[in-house]
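Everything below concerns the one structure shown next.
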Amino acid sequence: MAAMKNIVILISGRGSNMEAVVRAAQAEQWPARIAAVISNRADAKGLEFAAAHGIATAVVPNKDYASREAFDAALAEAIDAFAPDLVVLAGFMRILTPGFVERYAGRMLNIHPSLLPHFPGLHTHEAALAAGHAQHGATVHFVTAELDHGPMVDQVAVPVLPGDTAQTLSARVLEQEHVLYPRAIRWFIEDKLQVEDGQVYGPHHPRPTH
């Protein structure tokens, strides 16, 4: 039986993916505990949900720091107080410095609302509609210094429907994110993911036998 792992989740707002992860961890009895939910905004709604579920919370307001490096150092200190095996970005709206990313290399995951490598960055739903793509979706990936480009763990595709707006498309993608992200995190917790040469092998993508 694997030892219990600690997960720290970073949010900036409502944290609906954080909620999905917390619910899945409880319902499926993962060999892990959500050790803390940390936000860069004191008014992040997700902090209330975490506290109501008995999860430790912390706030590191980015506006209190003169530089990204100073903020990231304070954030790392707050995270490390909970000895995380995995750091989960769930709508954390900060670009992280390379030093911070390096500190958690191989143990920090992000979910991005597009089928990467399409549409890194913001406003992905508008971009998918503008490009006329028939499919859109979400991607879970390990975090590297290059924004939205780390080794890909898993993806889910959703159809773009006639008459879709950024709002309707976003809602349909988010529904799938709430399935995709907990599943990918559980694979990590159960030691089912291996990264080699930028490629992630796991239950969804077995290593080729040759």
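Listed residues His141, His112, His136, His123; which is over 23 Å from Val22 (Cα atoms), surrounded by 15 or more Cβ atoms within 10 Å (Cβ to Cβ) and either not charged (D, E, K, R) or not assigned by TED's automatic domain parsing to the domain that holds Val8 (or both)? Step through it out loud before you land on a result.
Details: His141 fails: over 23 Å from Val22 (Cα atoms); His112 fails: over 23 Å from Val22 (Cα atoms); His123 fails: surrounded by 15 or more Cβ atoms within 10 Å (Cβ to Cβ).
One residue alone meets the criteria, His136.
Would you confirm whether or not the range 139-152 contains a residue that is closer than 26 Å to Ser39 by Cα, in a loop (DSSP other than H, G, I, E, B), within 13 Å of the chain's Cα centre (by Cα) and hydroxyl-bearing (Ser, Thr, Tyr)?
Checking the range 139-152: at least one residue is closer than 26 Å to Ser39 by Cα, in a loop (DSSP other than H, G, I, E, B), within 13 Å of the chain's Cα centre (by Cα) and hydroxyl-bearing (Ser, Thr, Tyr).
Could you list, in sequence order, the residues of the range 44-65 that are of a type outside the set (Ser, Thr, Tyr) and over 20 Å from the mean Cα position of the chain (by Cα)? Walk me through it before giving the result.
Taking the range 44-65 first, the residues of a type outside the set (Ser, Thr, Tyr) are 44-56, 58-64.
Answer for the range 44-65, where residues must be of a type outside the set (Ser, Thr, Tyr) and over 20 Å from the mean Cα position of the chain (by Cα): Ala52, Gly54, Lys63, Asp64.
List, please: which pairs have Cβ atoms under 7 Å, are six or more places apart or on different chains, and start with a residue in the range 189-201 that is outside the structural domain of Val88 (by TED's automatic domain parsing) and more than 19 Å from Pro117 (Cβ to Cβ) and end with one that is in a strand (DSSP E or B) and among the aromatic types (Phe, Trp, Tyr)?
Once the first residue is outside the structural domain of Val88 (by TED's automatic domain parsing) and more than 19 Å from Pro117 (Cβ to Cβ) and sits in the range 189-201, its partners that are in a strand (DSSP E or B) and among the aromatic types (Phe, Trp, Tyr) give Gln194/Tyr201.
Among the residues in the range 41-62, are any acidic (Asp, Glu) and closer than 15 Å to Pro182 by Cα? If you could, list the steps in order and put the result at the bottom.
Here is the first cut: in the range 41-62, the ones acidic (Asp, Glu) are 43, 48.
This time we only want the ones that are closer than 15 Å to Pro182 by Cα, so: none.
No, the range 41-62 contains no residue that is acidic (Asp, Glu) and closer than 15 Å to Pro182 by Cα.
For the range 160-205, what are the residues that are surrounded by 13 or more Cβ atoms within 10 Å (Cβ to Cβ) and in a strand (DSSP E or B)?
Residues satisfying the conditions are Val195, Val200, Tyr201, Gly202, His205.
Give the residue that is nearest to Asp80 (Cα to Cα), with candidates limited to residues of the range 114-138 that are more than 16 Å from the chain's Cα centre (by Cα) and part of a strand (DSSP E or B).
His136
Looking at the range 28-50, which of the residues that are touching a strand residue (DSSP E or B) at 6+ places or on another chain (Cβ under 7 Å) and over 19 Å from Asp80 (Cα atoms) is surrounded by the fewest Cβ atoms within 10 Å (Cβ to Cβ)?
Ala42
The values are calculated or read from the model by the stated rules, or taken from the named source; none is laboratory data. Values in this document were obtained by computation on a predicted structure and should not be read as measured data. All Cβ positions, glycine included, derive from the backbone under ideal geometry; neighbour counts span all protein chains shown.
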